[in-house]
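I have placed the structure first, in the form of C-alpha cells, so that the comments after it can refer back to it.
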Amino acid sequence: PALGRTVELKLREYSEHLLRVVAGFDSPDDAIAACRRRFKNLPERHFRSLELLVRQYFDRRSPTARV
C-alpha cells in the first residue's frame with residue numbers, strides 16, 4: 001500500500017511519455033511501428049498494453065470518436 005502512490009506516478013509518467021511520442025503520427029499503426037523501434041528493449045509481453053494505449057489515444061483523438 002505504501003508504494004501505491006509511487007507506482008501510480010511512475011505509470012502516469014510512462015503514459016505521458018508514450019503519448020508525447022505517438023502524438024506526431026497520423027495513424028495508430030505508424031505510431032506502433034515507431035514504438036517497436038524506439039522501445040526495442042521493452043519485453044514483448046508489454047507491447048500488447050502499449051498497442052492498446054496507442055489505439056485508445058487515436059480513438060479519442062479521432063474527430064468521429066464518441067465522447
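Structure summary
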item: Cα long-axis angle, helix 44-61 against the chain (0 to 90 degrees, to the nearest 10); result: 50 degrees
item: 3J(HN,Hα) from dihedral phi, segment 11-25, Karplus parametrisation 6.51/-1.76/1.60, rounded to Hz, x for glycine, proline; result: 5, 5, 4, 4, 5, 4, 5, 4, 5, 5, 5, 8, 4, x, 9
item: Cα gyration tensor category, rounded, prolate or oblate, for the chain with a/c compared to 1.5; result: oblate
item: Cut-off 11 Å, label 7 Å out along Cα→Cβ of SER62, residues of segment 10-54 by amide N; result: 28
item: Sequence ranges 52-61, 12-21, ranked by mean other-Cβ count within 10 angstrom, highest first; result: 52-61, 12-21
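Since every read-out is calculated from the coordinates, none of them should be taken as a lab result. None of these values were measured; they are calculated from a predicted model. Every residue, glycine as well, gets a Cβ built from its backbone with ideal geometry; the counts of neighbours run over all protein chains shown.
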